[in-house]
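Novice: Before I ask anything, here is the structure I am working with.
The values are calculated or read from the model by the stated rules, or taken from the named source; none is laboratory data. Only a predicted model underlies this, so the values are computations on that prediction, with no experimental measurement involved. No Cβ is skipped: glycine too gets one built from the backbone with ideal geometry, and neighbour counts run over all protein chains shown.
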Amino acid sequence: MTLPASAKYLVIGAGVHGLSTAWHLAKEQRTRGEEPDVLIVDKTGVGAGASGIACGVVRNNYFQPAMSELMAANVEVWEQDPEAFSYHPVGYLALGAASQVSDLTAVHERQARIDYPSELIVGAAEVARHMREMFPDWRAQGVEVCLHEEKGGFANNMASMHGLAAKAEEAGARLVDGVRVTGFEMDDSGAVTAVETDRGTVAVEQVVVAAGPWVKSIWTMLGLPNTLDVRTPDGTVHADQEMWTYWYLQEGEIDVDPALLSLPDGSMPPVLHVDSDAPLYDDEGNFVTDELWGNYFKQDLHGVQGGAAPVVVGHEFEVDPYPTASVQADFADMWCASLSHCMKRFEGKRATYKNVRSGGVGCFTADSFPVFDYMRPNVYVIADSNHGYKMIGVGREVARVLSGGESGLLQPFRYERFATGDLHPVSNSPYPWS
Ligand SMILES: Cc1cc2nc3c(=O)[nH]c(=O)nc-3n(C[C@H](O)[C@H](O)[C@H](O)COP(=O)(O)OP(=O)(O)OC[C@H]3O[C@@H](n4cnc5c(N)ncnc54)[C@H](O)[C@@H]3O)c2cc1C
């Protein structure tokens, strides 16, 4: 498709956020009786970024009230058309060590208040009983609490992105692949008048940045600051903090019959996320770690897939070609040991670990939570801090804001929070995103 000379809305990036925003913008325009004028450009194509390689887990479990409320809205969108989104509403299990009982209890209580159905089980014996009803060979130690979310689950990454792209195009958005944004023309107010690309310039009224791990390069093109002062809720100001930090998400897969992880009745199990402080050993009895460790896993198309804690790779990172690197050398040992620690069925499965490039880099903000905000008078940035495959509904909220409405769900994620100290509370989880 040729690149049009102008667009009312130009969306950069055909991942979950760009596609969802374009879909909802086109629908909003039709509702107003206008012909949709939404253009999505991607330097590669649909799902070429993080959305196309994500593990695909959709959960609500967040310690931060604003995240939890936003996730409930995202699940509503996943549930609108599970088939088109290749979405499996199998539920989600979060299991934690003693240090996480209070966090997960708080999450459960909030979920009850917002009518997000979940069950809380506390106590090692009670948790083991609950887990053995689903997985008779459950044997994890150091697990004192379980939050069982009835909703959520996972979706198949590429299939869901193609389903979302089809929805955007059916609604009237245009998608042009192979177009790299290289710069912006701005007026004196800092508003973008045209977007420069390697295939020509497009005059625009509004721009949406949904560039995933490439956000820093677009942010820099917009002349936005890569360091900032961050005020914490106690009033302390931390000067000159880096706005962006790259983390490598470690994921892998074992090549087994997916049914290995089925429930006793043969059905698909919930997604599991286990954090434990029990010493971890591999199947040969070799010591792995005695620090709090975490893993997550799910039944996949060709095996069992999941991951473990991510690693920081710095404030600068060459994101292309994507995915850029591979997991740490000891990841496979750790992840397979943790699977076997949880269920006997995984004993000896280290040999089936697929030695392929896996995981990918994510770009996290200064407080590891999303920034959803206008960063120039007509440029809306969706920087999800790597929380976001599950956030299919953010585009709906952004479209509402771009159409002149308001979104209470997005309000807590404004950039201004770094200056005002309205940061999100931090949990006891070993992950930067819980
Ligand atoms: C290994 C891994 C596993 C993950 N697992 C989960 C999970 O289980 N659940 C979950 O909720 N989240 C998960 N995430 C996070 C999630 O994938 C991301 O937060 C989300 O996909 C980001 O979506 P996006 O639309 O912002 O960006 P992306 O999907 O990365 O899309 C950005 C697009 O922008 C395009 N682009 C970039 N620069 C330019 C440019 N200059 N011009 C034109 N186009 C450009 C790229 O080609 C790309 O297609 C995971 C992330 C990783 C890396």
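Novice: Would you kindly identify the strands (runs of 3 or more DSSP E) lying entirely within the stretch 260-311 that contain at least 3 residues that are small (Gly, Ala, Ser) and surrounded by 15 or more Cβ atoms within 10 Å (Cβ to Cβ)?
Specialist: Numbers: elements: 271-276, 287-289, 293-299, 304-308.
So the answer is 304-308.
Novice: A further question follows. When you look at residue 49, is it within 12 Å of the ligand (Cβ to nearest atom), modelled with pLDDT of 95 or more and of a type outside the set (S, T, N, Q), yes or no?
Specialist: yes
Novice: Among the residues of the stretch 414-432, is there at least one that is among the hydrophobic types (A, V, I, L, M, F, W, C) and buried (at least 23 other Cβ atoms within 10 Å of the Cβ)?
Specialist: No, the stretch 414-432 contains no residue that is among the hydrophobic types (A, V, I, L, M, F, W, C) and buried (at least 23 other Cβ atoms within 10 Å of the Cβ).
Novice: Could you check how many residues of the stretch 58-72 are surrounded by 21 or more Cβ atoms within 10 Å (Cβ to Cβ) and not in a helix (DSSP H, G or I)?
Specialist: Residues meeting the conditions: 5.
Novice: Got a sec? Which of 75, 90, 11, 41 is within 16 Å of the ligand (Cβ to nearest atom), among the aliphatic types (A, V, I, L, M) and in a loop (DSSP other than H, G, I, E, B)?
Specialist: 90
Novice: The conditions are (1) within 7 Å of the ligand (Cβ to nearest atom); (2) at pLDDT below 95; (3) not polar (S, T, N, Q), and residue 18 fails exactly one of them. Which is it?
Specialist: (2)
Novice: In the stretch 291-323, how many are touching a Gly at 6+ places or on another chain (Cβ under 8 Å) and within 24 Å of residue 278 (Cα to Cα)?
Specialist: Residues that pass the stated criteria total 10.
Novice: For the stretch 329-343, check the following and say yes or no: at least one residue is touching a Leu at 6+ places or on another chain (Cβ under 6 Å), in a helix (DSSP H, G or I) and without any contact (Cβ under 8 Å) to a residue 60 or more places away in the chain.
Specialist: yes
Novice: Next question, about the same structure. Of the conditions (1) in contact (Cβ under 8 Å) with a residue 12 or more places away in the chain; (2) outside any helix (DSSP H, G or I), residue 194 fails just one. Which one is it?
Specialist: (1)
Novice: Right, next: Can you find a residue in the stretch 338-360 that is closer than 30 Å to residue 186 by Cα, in contact with a strand residue (DSSP E or B) (Cβ under 7 Å, 6 or more places away or on another chain) and not β-branched (Val, Ile, Thr)?
Specialist: No, the stretch 338-360 contains no residue that is closer than 30 Å to residue 186 by Cα, in contact with a strand residue (DSSP E or B) (Cβ under 7 Å, 6 or more places away or on another chain) and not β-branched (Val, Ile, Thr).
Novice: Name the residue that is surrounded by the fewest Cβ atoms within 10 Å (Cβ to Cβ), counting only residues in the stretch 174-191 that are more than 13 Å from the ligand (Cβ to nearest atom) and assigned to a strand (DSSP E or B).
Specialist: 185
Novice: Looking only at residues in the stretch 21-38 that are part of a helix (DSSP H, G or I) and crowded, with 24+ Cβ neighbours inside 10 Å, which one is farthest from the ligand (Cβ to nearest atom)?
Specialist: 26
Novice: Now for a different question. Of all residues in the stretch 205-254, which are β-branched (Val, Ile, Thr), in contact (Cβ under 8 Å) with a residue 60 or more places away in the chain and within 12 Å of the ligand (Cβ to nearest atom)?
Specialist: Listed by number, the residues that qualify are 207, 208, 209, 215, 218.
Novice: Looking at this structure, is residue 59 farther than 22 Å from residue 306 by Cα, among the basic types (Lys, Arg) and out of contact with any Lys or Arg (no Cβ under 6 Å at 6 or more places or on another chain)?
Specialist: So residue 59 does not fit the description; no.
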